[in-house]
Amino acid sequence: MMDSGLLLVATLAFPLAMVVACLHPAFYARILTWLPLAAVPGLLAALFERGDSIVIAPAPLRLTLALDEVGAMLLGGASLLWGAAGFYASISMCGRPGAGRFAIWWLLTMTGSLGVFIVADMTSFYLVFSLASLAAYGLVSFEGTARAQRAGFVYMALALLGEALILLGFVMLVTAAPGGNPLIRDAVAMLPGSPLESPAVLLLIFGFGLKMGLVPLHVWMPLAHPVAPVPASAVLSGVIVKAGVIGLIRFLPLEVPSPDWGMALVGLGLLTAFYGVLVGLTQPHAKTILAYSTVSQMGVVAAIIGGGMTAGAPHTAALAAFYALHHLLVKGALFLGVGIAGATGRRHRVSFVLIPMALLSLSLAGLPFTSGALAKLATKPLFGDGVSALLASLSAAGSTMLMLHFLGRLQLLANDDHEGIPQRPLMLVWAVVAGASFIVPWALFANVSGYALADAIKPDALWAASWPILLGATLTLITTRFISRMPTVPEGDIIVVLDKLAPLVMRIGSGIDRTDEVLRRWPVASIGLLSLAIAFGAVLQFGR
Amino acid sequence: MTLLPDLALVLLILTAAVWTVAVRDRRDAVIGFIVVGLLLSLAWVRLNAVDVALTEAAIGGGATGLLLLRACARLVPRPAESVLPHPAMRILTVLLCSAIAAGLAAIVLMPVEPPATLAPEAAASMGELGLGNPITVVLLAYRALDTLLEKVVLVLALIGVWTLTPDQFWGGAPASLRAQQSSGALTLLAQVLPPVGVVIGVYLIWNGADHPGGTFQGGTVLAAMWLLVMMADLREPPEIRLHSLRLLVILGPVVFLVAGFAGFWIANGFLSYPPAFAKPIIVIVEAALALSIAVILGMLVAGPAARAPR
Amino acid sequence: MMPAGYATSEGGALLVIAVMLPIVGMIAIFALGLRRAERIAFIILPGGLLIALAIAAEVARTGAAVTYVLGGWQPPLGIALQADGLSATLMVLTALILCAVGLFARGTFSTPPDMSEARRPMVFWTLMLGLWSALNTVFLGQDLFNLFVALEFLTFSAVPLVCLDGRRETVQAALRYLLFALIGSVFYLLGAALLYGAYGTLDMAGLRLQAHYNPATSVALGLMIVGLMAKAALFPLHLWLPPAHAGAPAAASAVLSALVVKAPFFLILRLWFDVAPQPGNQLAAQMLAWLGIFSIVFCSIIALRQVRLKLMIAYSTVAQIGYLFLVFPLVMASDAPSAWQSIGWTGGVLQLVSHALAKASMFLAAGLIAEALGHDRIDNLNGAVTAVPISVAAFGLAGLSLMGLPPSGGFVAKLMLLTAATETANWWIVAAILVGGILAASYVFRVLGRAMAAPKIGFKTLAHIPLHRELAVLGLAISAVVLGFVPLQPFAFLGIGRVGLP
Amino acid sequence: MIGTATVYGLCASGLVAIGLYGLVLHPTPLRKVIAFNLLGSGTFVLFGVAARRGGAAGFLADPVPQAMVITGIVVAFASTALAVALLLRLQETGASSIETTPPEQQDNGAS
């Protein structure tokens, strides 16, 4: 069984089977209980099926699943978080109206989001990517409030735009590699030098960048991530955004040096990294700050990929995935932690919330001995020694500021009951994710980065990790008063500009309605018919 | 041979057509249309198409005219026929219609040489069937499928008309066809004419195998007689649920279908006739079709049921 | 000079039966009708499906078109019926959809026990069968006049279905539909008259050999193709479709939207590739595609703005018809050895088929939702998922295909069209396909979002829907999804019996 | 040289134009139906012209298009009957034209 790839199939089939089983009312009523189990095959696959592949349908369909090192890392982390968050949801969502609906969206989203790490052919990738994107709508808009509906709408609009961009990018890729449904790597291998290379790469960067929240396509993220229930926020911000990361990793020709595209991506990534910090600093809500932090961190990942692409570095994919894995676990733990913080009274504040959350937060900034430090150390060579390396370090300082701001706002969330403590299972599952976020990267570090573990605790490495944090902390001290007086930027920042366009869109819409009404009048339509007949006849006769 | 009479006829037709479209009162328009229909029959004679002329007179002018007149009578009279469209729109429409007409005219004025025709092929195969009227041969042999489908279309049209029956009247009889001012003349006519008409109709059908005339013309004459009787109030239209009525409606298509399928066994396949029996089969089919056509035409003019079944 | 191209092939009689069987059923219902309408229909439905499958199998087995020469009279004097790969595909599609719709309608149009005969069942089942025969004739006909009769046959079956319930809007819609379709028919017939005057034949194969560019051909094709466009409701000639398709009973809407509007498109396809002089006219093909583009974008936006579910689906039909018209320039510009081996051709046919399945399912689902909730206002669909879960699921699955999301036939079709458009650098078509997909997703999700929302207080289900009806709907939706697992390559079957292009 | 057939061909073109005009612009359904019949007649005459020109092999005219016209006339009659039934029914339901104004849009006015 270990070699056959059956676990890979089960990764996708098991949650789908659960969805189908929901047609049975008895199972549907108890679906929440089973939610954590859904991710188990994925986790097992990540542990035991590395390097396996299985062809579900032979050529010309070529539906293929395969698990490489990169996929295994992300699949493992993602399954862990999905499972943990599922467990969290099975408790926190229990008894809420619509819980069954929530579970179905959850399972569908999960299938897609795990799928992107293990599919090897183009069509399947598009399939699971779309599934993850579109089913997540159900999680985003679940609460049904006006805020959730707006977030759902914006999310959907941009997700569909992303789908369209990616589809066209794929088509351009495939025209270079003839023959139905090629494997991703075959198609990508054909790309360099094909006439459609530039538009294809551009479309893919935009399409996947949108999913990662690269500026200016990030607007949906600060709306969508915070509005969902806590466990859903955790997976949205932790896992779903990684679909964009894996997309860039899989579809960009990373091993062929392409300085132009690489530098462009570095630029875009760093811009996003700082932009996310700056806007995030003005946000009052803890979950929104976390969402902006995700924007910022995904910028860093994009910059990492861009840096690797510039030089055609061989391990770019694995390093980017390593960084993504670190962010996945940490961000998942942070979002779950927000839920814990909300349930904890003043009395247990420090021990239950503040200390672990501070560690997790600063891990994002690269605090020594945390996974963040490892991730930053491992990816450092990709930035070279120039300006981009400096900027990358400075972005860590930015992250420090943002996360300190987050910790400050987190203080405002508390259970009214002074003695209140969260339910024990919730604490447990949170601890598991938080613990994993520390331990797993340590376990993988040496393999992925080529460094020895000892390298991570050498003084110069420690210093390199520490100074941005010290800088960030200092800056925070200096600017606190200033920041607190800054006006709050609305969630989704530049989406506000688009909001201004809404009346215009409505006007265009009703204009189209009126046009249609006129066109559907009998004389107008029949005059149209006569004109078309004349025009068409004339074109046939004279238009050769 | 001079073109003068043709030109005059065409001029008359076009004038009547323009009047039909332009006149304000809809009853006048219907009259205009009937006139066009009659003039067109003449035109068909001039085009060497006596069969078509008969059909046009019987159905194009006659039955359609009757149908439209009846519609006129049943429509609520309204003072003005409604607003005229914007002048710009009218000019545009005139231009577009003229352009289409010009296109057609241009093609008419550029005939191909030698003329495209299937007449030789039609003539070559006629001998096999022993019928004298090429139109009948085309309709019931060469292109029998078209004719069969067109009969089915008639049945469908009847179903379509019946669909418009309000549910409570389903199965009942259509509204009476009684003329508004029932006159003694009409009654007299309705008593005298039908026997003659029926004879003419039967003659047309029988004759159609070899000479101009045929199913439609005959069927239409029969229908006309029936309608006359109904209009003179000597008979009410039958209830649409009547079994006999239904059977008469489908008689033609069924006989045609049976003849068609019989071809699989007695000849070379669907809708083919064994040469020895071609003529009798075709005549039987025609007779059945004519009967059905008469009933369908009559019921189409009578319209959907308007009374609850008794 | 005339081609002696037609010879009755072995399974040829099947074609006759395919056309005549529904007519026999129709006549039987009309004559014996009374209480037996549904029972007779349920004898004919599986029979017709078997015939269609047999024809497809015969085409696949012989690798050539199946032909029947009626009465042994050679065209152009006589009439021939012919099934190639494409027609066989469409016949099977028609049979499948009609069977599903029949299952859906089962019980809803049956005669009440206290009546010997009721209007609705009698009319519904006879017209359904008439429609079937007409569609088969359209798919099989080789003679332009025979096809005219078939088109009229189709119109006469379709129009009364629209006003089956006799409400004012539906009668109005039916009359509009009839009158506009009649202009289309007359245009078609005018074109046929011109072609006959020019070539002395209306047989497609004969015309194909003779046709060349001259005024008669151009005017004739212009009139015919535009007349058919009116019947296919391509923008801006769609005035009749939304009220007609939205007003008909769900079972009828499904057939009208899924199949009836495809018949004129099929004839345009045949006129363009089988009759028009070759090589085709690029500019005219572009013109067709542009109308398609307008259809897609314009009508998708209007669909998005509809208040009523059925009207939304009807506008979506107009938009989806637009995709079909993208085929012309894509196929012509393809560098495949023949048109039938191009990805654009396969994509176009697949779009036709998957839209038919998806749209039928969607209309039926909408019908059940309306029955259960008592209305079809989109903003008020809350709770539909609790009332008719299977229907909402079917709507969602069918929606996948309309949106062009995987896995679905619509996705594969759009992917193929997109690939063809990219390969031939038709960037406007690329843009239209993508924008159309986004808009379709928006209107489908708008409905799904509502239907899956929690029911409002005081919500109650008006009618209990029998399971077989919901399953018929789901079956259609699943077929549309399953089509998404076909390979992304041109299918050889769709090229069987087609004449190769130079 | 203009022959008889050509004269009637021009007549057919004229009938088509007149019929189309009425069909496009007449607001009431009955007048549209009448116009449709004129249009149809024009089309049939066009077939008649082809038939007359194609007279050969002992026939004064080609019988095939003539037979088509006969079929066409019957179909046109069936259309007329259906249309008339529809428009009468439409009147019974209280409407008189086929221009629809959807209820929800009535207030923004059909000009």
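The values are calculated or read from the model by the stated rules, or taken from the named source; none is laboratory data. The structure displayed is predicted, hence computed values, not measured ones. So basically every Cβ, Gly included, is an ideal-geometry build from the backbone, and we count neighbours across all protein chains shown. When the accessible area is computed, the model is the full protein with side chains, heavy atoms only, and any ligands, DNA or RNA have been set aside. Shrake-Rupley method; radii C 1.70, N 1.55, O 1.52, S 1.80 Å.
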Inset, instruction - Can you tell me the dipole magnitude for the protein assembly as shown around its Cα centre, using point charges on the Cβ only (Lys, Arg +1; Asp, Glu -1), in Debye to the nearest 20? - result: 2900 debye
Legend entry - Sequence of C:Arg120, A:Arg514, A:Arg520 from largest to smallest accessible area, 1.4 Å probe: A:Arg514, C:Arg120, A:Arg520
Inset, instruction - Taking the Cβ of D:Gly19 as the centre, find all other residues whose Cβ is under 14 Å away and add up their charges (Lys, Arg: +1; Asp, Glu: -1). - result: +2
Inset, instruction - Could you rank the peptides A:116-124, A:160-168, A:22-30 by their average count of other C-beta atoms within 10 Å per residue, with the highest value first? - result: A:116-124, A:160-168, A:22-30
Inset, instruction - Please express the shape of segment C:1-157 as an equivalent ellipsoid: the semi-axes are the square roots of 5 times the eigenvalues of the C-alpha gyration tensor, given largest first in whole angstrom. - result: 31, 16, 12
Legend entry - Between segment C:342-416 and segment A:150-164, the Cα center-to-center distance that results, in Å: 20 Å
Inset, instruction - About the Cα centre of segment C:347-502, how large is the charge dipole given +1 on each Lys and Arg Cβ and -1 on each Asp and Glu Cβ? Please answer in debye to the nearest 20. - result: 180 debye
Legend entry - Charge tally in the Cβ shell below 14 Å around C:Phe485, where Lys, Arg are +1 and Asp, Glu are -1, C:Phe485 excluded: 0
Legend entry - Pairs of alpha carbons in segment B:118-310 whose separation is greater than 28 Å (percent): 34 percent
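Shielding by partners for B:6-18, please: the mean number of other protein chain Cβ atoms within 10 Å of each residue's Cβ.
The shielding value for this peptide is 5.
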Inset, instruction - For helix C:119-140, report the angle its Cα long axis makes with the longest principal axis of the Cα atoms of chain C; keep it between 0 and 90° and round to the nearest 10°. - result: 30 degrees
Inset, instruction - State the answer as a single residue: which of B:Ala294, B:Met126, B:Ile284 lies farthest towards the positive end of the charge dipole of chain B, with beta carbon charges of +1 for Lys and Arg and -1 for Asp and Glu, about the Cα centre. - result: B:Ala294
Inset, instruction - Any chance you could check the Cα centroid distance between segment A:1-52 and segment B:259-294 for me, in angstrom? - result: 67 Å
Legend entry - Rounded tilt (10° steps) of A:99-118 against the dominant C-alpha axis of chain A: 90 degrees
Inset, instruction - Could you tell me the distance between the Cα centroids of segment A:437-510 and segment C:197-241, to the nearest Å? - result: 64 Å
Legend entry - Helical mean residue ellipticity (222 nm; -39500 (n - 2.57) per DSSP H run of 4+; nearest 500) of the protein assembly as shown: -23000 deg cm²/dmol
Inset, instruction - Could you state, as a whole-number percent, how many of the C-alpha pairs of the protein assembly as shown are farther apart than 58 Å? - result: 28 percent
Inset, instruction - Return P(r) of segment D:4-94 (all Cα-Cα pairs; 5 Å bins starting at 0; whole %; ordered from short to long distances). - result: 3, 15, 18, 19, 16, 11, 8, 5, 3, 1, 0, 0
Legend entry - For segment B:184-290, size of Cβ-based charge dipole, Lys and Arg +1, Asp and Glu -1, in debye: 160 debye
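How would you rank A:474-482, B:16-24, B:283-291, highest first, on the average number of other Cβ atoms within 10 Å across their residues? Mind showing how you got there, number by number?
Numbers: A:474-482: 12.6, B:16-24: 18.9, B:283-291: 22.4.
Averaged packing, sorted descending, gives the order B:283-291, B:16-24, A:474-482.
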Inset, instruction - Quick one: net charge around A:Ser399, please, counting Lys, Arg +1 and Asp, Glu -1 for every other residue with C-beta under 13 Å from its C-beta. - result: +2
Inset, instruction - For B:Glu128, B:Glu239, give the ranking by accessible area with the largest first, probe 1.4 Å. - result: B:Glu128, B:Glu239
Legend entry - Area accessible to solvent at A:Val128, 1.4 Å probe radius, in Å²: 10 Å²
Legend entry - Interchain or long-range residues, amide H under 5 Å from C:Thr8's placed H: C:Val69
Legend entry - Shielding by other protein chains, B:262-275, mean Cβ within 10 Å: 4
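Under the definition of partner shielding as Cβ atoms of other protein chains within 10 Å of a residue Cβ, what is the mean value for peptide C:153-163?
Average per residue, whole number: 6.
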Legend entry - Dipole of the protein assembly as shown, positive end: most advanced residue of D:Ala57, A:Tyr137, C:Pro490 [Cβ charges, Cα centre]: A:Tyr137
Inset, instruction - Report the accessible surface area buried between chains B and D, summing both sides, using a 1.4 Å probe on protein heavy atoms only, in Å² rounded to the nearest 100. - result: 6800 Å²
Legend entry - Charge dipole (chain C, unit charges on Cβ, about Cα centre) - positive-most of C:His355, C:Ala220, C:Ser391: C:Ser391
Inset, instruction - Could you state the angle between the C-alpha long axis of helix A:69-92 and the longest principal axis of the C-alpha atoms of chain A, as a value from 0 to 90 degrees rounded to the nearest 10? - result: 80 degrees
